[in-house]
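The values are calculated or read from the model by the stated rules, or taken from the named source; none is laboratory data. A quick note: this is a predicted structure, and the numbers were derived from the prediction, not measured. No Cβ is skipped: glycine too gets one built from the backbone with ideal geometry, and neighbour counts run over all protein chains shown.
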Ligand SMILES: Cc1ncc(COP(=O)(O)O)c(C=O)c1O
Ligand SMILES: [Zn+2]
């Protein structure tokens, strides 16, 4: 099936139009390219969408794939939006939701952009794909490549958690652990895209890739009964997810699916790598790259954020805010979220909960605001980072042993 919708690329900075091509940088001004669509793209109703299968692909009209037969779909998206009453009570707020993206096929939100980018790679006839990853994108790209039957090459800093490395390797990808930071791995991946003709999902396929993450915003709107919340808090590294969620909400409004959205986009980064938060808090337009990220939250350790300026612009435009959290605050948020709501996240996923806690304490988020915390990755890949819980006891195989251990 070919959609009637035309998709093309356009420079985000100077507006220069490009065709439906494999490119990511403007040749006039070096601005980032983004996907744009012909005006007839939005001819879709709430009822039509609601009747479709529960995956990110139910928002077909908002996605830049032309040929549905090239779709690589292993079930990404349409994850639960849960009302979190017990957690809300602990944090002192009244209306809190968790967007639980830990339950995606490879256990992070990265399945959304990967599903789209690997589909686009097939559409462009590319023979191989790859990515530069802080850990989660590796598994997501590798799994979608496996499903598409094409080779996958992953570039990651060697500091990434072993579980993430093994997971991606088990899907059949070739893993290159770069002795350096994420930014070093990213530069190498860009060279590989250019010189070796690999479809690097977050480099040369990036304008298409980021569109996949819009579906998180579209889902939040649909799951709230077709409206936007007051605030969405987003774990942030490159700034791509935060920008995409906002684009999704805006496009839902342009399409007439929701009305009068007024969502304050809110950015959460680890203190040891928080260039976007720093620029926002210091009210400067310049993002200073962090040369040596210093945090256990590896998945968010991007020192030079590719969509940082876009994210910063959105934070201001939407009346949002940004906050940095210590490693301990992130690790504590993992336990708080797990023990109140039964959702097990990695520190880089639960950072949105840590951010809400802090912003309420600072008085920067009102207690009666309707808030969605995006929880973007599972805790099973990072379980080694958590301190040993004190509720674990070894006992002899006797009832007496049980009594003593539990004081019963
Ligand atoms: C679990 C998790 N959450 C959030 C992000 C942030 O994504 P972005 O780079 O789009 O800001 C990442 C990025 O790698 C991630 O792994
Ligand atoms: Zn340009």
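Scanning for something surrounded by fewer than 18 Cβ atoms within 10 Å (Cβ to Cβ) and within 16 Å of ligand 1 (Cβ to nearest atom), does the stretch 98-113 turn up at least one residue? Within the stretch 98-113 (the criterion being surrounded by fewer than 18 Cβ atoms within 10 Å (Cβ to Cβ) and within 16 Å of ligand 1 (Cβ to nearest atom)), the answer is yes, since at least one residue qualifies.
Among the residues of the stretch 180-191, those that are over 20 Å from residue 146 (Cα atoms) and touching a strand residue (DSSP E or B) at 6+ places or on another chain (Cβ under 8 Å) comprise 180, 181, 182, 184, 185, 186, 188, 190.
Taking the numbered list (1) under 17 Å from the mean Cα position of the chain (by Cα); (2) not assigned by TED's automatic domain parsing to the domain that holds residue 56 in turn, residue 201 passes all entries but (2). One residue stands out among those in the stretch 11-31 that are free of Cβ contacts under 8 Å to residues at least 40 places away in the same chain, surrounded by 12 or more Cβ atoms within 10 Å (Cβ to Cβ) and near ligand 2 (Cβ under 9 Å from one of its atoms): the one that is farthest from residue 256 (Cα to Cα), which is 29.
Within the set 224, 257, 241, 196, the sole residue that is more than 16 Å from ligand 1 (Cβ to nearest atom) and in contact with a helix residue (DSSP H, G or I) (Cβ under 7 Å, 6 or more places away or on another chain) turns out to be 257.
Taking residue 146, is it surrounded by 21 or more Cβ atoms within 10 Å (Cβ to Cβ) and not assigned by TED's automatic domain parsing to the domain that holds residue 351? Answer is no for this residue. For the stretch 171-193, check the following and say yes or no: at least one residue is in a helix (DSSP H, G or I), closer than 25 Å to residue 290 by Cβ and in contact with a helix residue (DSSP H, G or I) (Cβ under 6 Å, 6 or more places away or on another chain). No, because not a single residue in the stretch 171-193 is in a helix (DSSP H, G or I), closer than 25 Å to residue 290 by Cβ and in contact with a helix residue (DSSP H, G or I) (Cβ under 6 Å, 6 or more places away or on another chain).
Results for (1) crowded, with 23+ Cβ neighbours inside 10 Å; (2) touching a strand residue (DSSP E or B) at 6+ places or on another chain (Cβ under 9 Å), shown as yes or no for each residue.
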position	(1), (2)
234	yes, yes
246	yes, yes
256	no, no
268	yes, yes
274	yes, yes
278	no, yes
304	no, no
